[in-house]
Structures are given as C-alpha cells and as structure tokens.
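Some notes on the structure that comes next.
Quick note: the coordinates plus some simple rules give every number you see, no bench work behind them. Quick caveat: nothing in here was measured; it's all calculated off a predicted structure. Positions of Cβ are backbone-derived with ideal geometry, glycine not excepted, and every protein chain shown enters the neighbour counts.
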Amino acid sequence: MCGTNKFHLDTFYVDKKQPNNEIILSGDFSLPDYAKNIGNDYYLNLNLFRFFEGERIDYPERKIPIEYNFVSDRKYVTMLKIPDGYKLTYLPPGKTYHNAVFGFDLQYEQKGNWVSLTQQFDNDHLMLTSDQFEAWNKVLQNLFPLYKETLSLSKN
C-alpha cells in the first residue's frame, strides 16, 4: 500500500494452527479518507497492497539469475463492509494469469453487505534464469493494470 499516516490497526490475529506449516495473519483496520467521494457516490480501490511493484526485470540488460529463499503460494484477502444506506454499483472484473514462471488470481466477490478482493500468487521457482525474465515481466504486465481498478458505492 502507498504510505499513509492515517492507517490505524484496530486488531491483529496470528493463527499458526494450520496444516502444512501454513500461517494465517488477519486484522481489522481503519483508513480514514481513503475513498473518493463525488456527489452521492464513493470510489474505492481495494488493492491496498500492490505486490511486485518495482520488481520488473530489465531482462535485456540483466544476465545474472535471481534467487529466492523459498517457493511460495500466497493468498491475501481484503474485505470491505458496505455501509448501511449504500449499495455496490460497480465491481471490477477479476483476472487470472499464469505462465511457466509464476502467476496470479485476482478475484472480486460480493456476499451480502461484504465485498472481498482475493489476490493469490504462486511461484514454484527458487531461481529465475535470464531465459525466464521475459515471462516474469509478462505476468507483471497483466497484473499492474488491475491495481488501478476501483469499485463504486452509491446511496440507496
């Protein structure tokens, strides 16, 4: 997320009792003035964390492999409770993109008065070699435009 001093963490939970050495971190927070208000509508970008920004590889220039400490399958869920008196009027489309190097699933969903954004990333490589750099960048090329999507809420 872009830095802001308005972020307030209300609660934070760590659940280590998951199978396969998994861990779940969750929390509740407030972020005043984050939504943009125009008339009776609010516009809000649920992409609070923009993973992999700044990780584009300059593959014509870079020749040295990139090493990772572990393979990963990461899942992040951001949830928004729709305030009383408002309704969801636009929900961005999701997208899935995978190639031989890595990939992502980004999906929005509304259930009752909650909207969720689920971001899932997988990387099965401990090392990326120069012949994989272009494929890495292709995933990012498909991911970054999604970070600009906003949902909209309108008064009932």
Once you charge only the Cβ atoms, +1 for Lys and Arg and -1 for Asp and Glu, what is the size of the charge dipole of the chain about its Cα centre, to the nearest 20 debye? 440 debye
Name the residue farthest towards the positive end of the dipole of the range 36-131 from the options Phe102, Leu126, Phe52, assuming +1 on Cβ of Lys and Arg, -1 on Cβ of Asp and Glu, about the Cα centre. Phe52
Proximal aspartates and glutamates to Lys138, defined as alpha-carbon separation beneath 20 angstrom and excluding residues fewer than eight positions away on the same chain: Glu53, Glu55, Asp58, Glu61, Glu67, Asp73, Asp105, Asp122, Asp124, Glu149
Nearest 10 degrees, 0 to 90: helix 133-143 Cα axis against the chain principal axis: 10 degrees
Partner aspartates and glutamates whose C-alpha sits under 13 Å from that of Lys87, ignoring same-chain residues fewer than 8 away, are Asp41
Mind checking the full-extension length gain between Val71 and Lys148? Use 0.36 nm per residue of separation minus the Cα-Cα distance, one decimal, nm. 25.0 nm
Relative packing of peptides 143-152, 50-59 - highest average C-beta neighbours within 10 Å first: 143-152, 50-59
Build a GNM of the chain with springs between Cα atoms under 10 Å: which of Val71, Val101, Val14 gets the top mean-square fluctuation? Val14
Where only alpha carbons of the chain are counted, the Rg and the Dmax (Å): 18.0, 56
Which FRET efficiency value, to the nearest 0.05, do you get for Gln120 and Lys36 by plugging their Cβ-Cβ distance into 1/(1 + (r/R0)^6) with R0 = 30 Å? 0.65
Ranked highest first by the average count of other Cβ atoms within 10 Å around their residues, in what order do 122-133, 77-88, 20-31 fall? 122-133, 77-88, 20-31
Asp28 versus Lys63: modelled label distance in nm, points set 7 Å from Cα along the beta carbon direction: 5.6 nm
Could you list, in their original order, any pairs among Lys16/Lys148; Lys16/Lys75; Lys36/Lys148; Lys16/Lys111 whose Cα atoms are separated by more than 22 Å? Lys16/Lys148; Lys16/Lys111
Given only helices, namely DSSP H runs of n ≥ 4 each adding -39500 (n - 2.57), what is the per-residue ellipticity at 222 nm of the chain, to the nearest 500 deg cm²/dmol? -2000 deg cm²/dmol
Ranked highest first by the average count of other Cβ atoms within 10 Å around their residues, in what order do 108-119, 32-43 fall? 108-119, 32-43
Mean separation of Cα pairs under 8 Å and 6+ residues apart, divided by the residue count of the chain: what relative contact order is that in percent? 28 percent
Options Asn137, Gly27, Tyr43, ranked by Cα towards positive dipole end of the chain, top entry (Cβ charges): Tyr43
Can you work out the PRE-style zone for Gln18? Point 7 Å along Cα to Cβ, and I want the residues of the range 29-64 with backbone N under 14 Å. none
